[in-house]
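Report on the structure given below.
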């Protein structure tokens, strides 16, 4: 493999243990504003990578259950930044549902991760504002999400 090819392969990996704040500015540039559902998507995607032992970009697929209505759908942009899954590449699908949840598949395993109802309700009750972002970044995964293995189909 030539030097450029080796560099590209190394670059196309996401460290599931990265501080989610390191992906934040990239997420904001993609999404266009700073909101808690974007932060939740970044955290959710990193959790999926860790649970599935994936480096992201290829070999992983995501199905977001958010639908296309903000603010819940803002979670999808966080998933793109943190997993490398994209609609254009065909490894990210968004289905109607209005739920802040997604199914991730990699290496023959599938996991469904959902934002806890009480967390989503709190974010929505407070206007899904930027002031909630730091809490999303500092809360434990267990405080934010529920997850369970799910059937691959």
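Listed values, structure above:
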{"read-out": "Scope the range 68-98; condition in contact (Cβ under 8 Å) with a residue 12 or more places away in the chain, surrounded by fewer than 20 Cβ atoms within 10 Å (Cβ to Cβ) and in contact with a strand residue (DSSP E or B) (Cβ under 7 Å, 6 or more places away or on another chain); matching residues", "value": "68, 93, 94, 95"}
{"read-out": "Test: residue in the range 104-111 that is surrounded by 13 or more Cβ atoms within 10 Å (Cβ to Cβ) and over 25 Å from residue 15 (Cβ atoms)", "value": "no"}
{"read-out": "Count of residues meeting criterion [in a helix (DSSP H, G or I) and either free of Cβ contacts under 8 Å to residues at least 24 places away in the same chain or under 11 Å from the mean Cα position of the chain (by Cα) (or both)] in the range 25-67", "value": "17"}
{"read-out": "Residues being over 14 Å from the mean Cα position of the chain (by Cα) and under 20 Å from residue 28 (Cβ atoms) - total across the range 89-116", "value": "0"}
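We did not get these values from a lab; they are worked out from the coordinates using the rules stated. Everything numeric here is computed off the predicted structure, so don't read it as measured data. We place every Cβ from the backbone using ideal geometry, glycine too, and count neighbours over all the protein chains shown.
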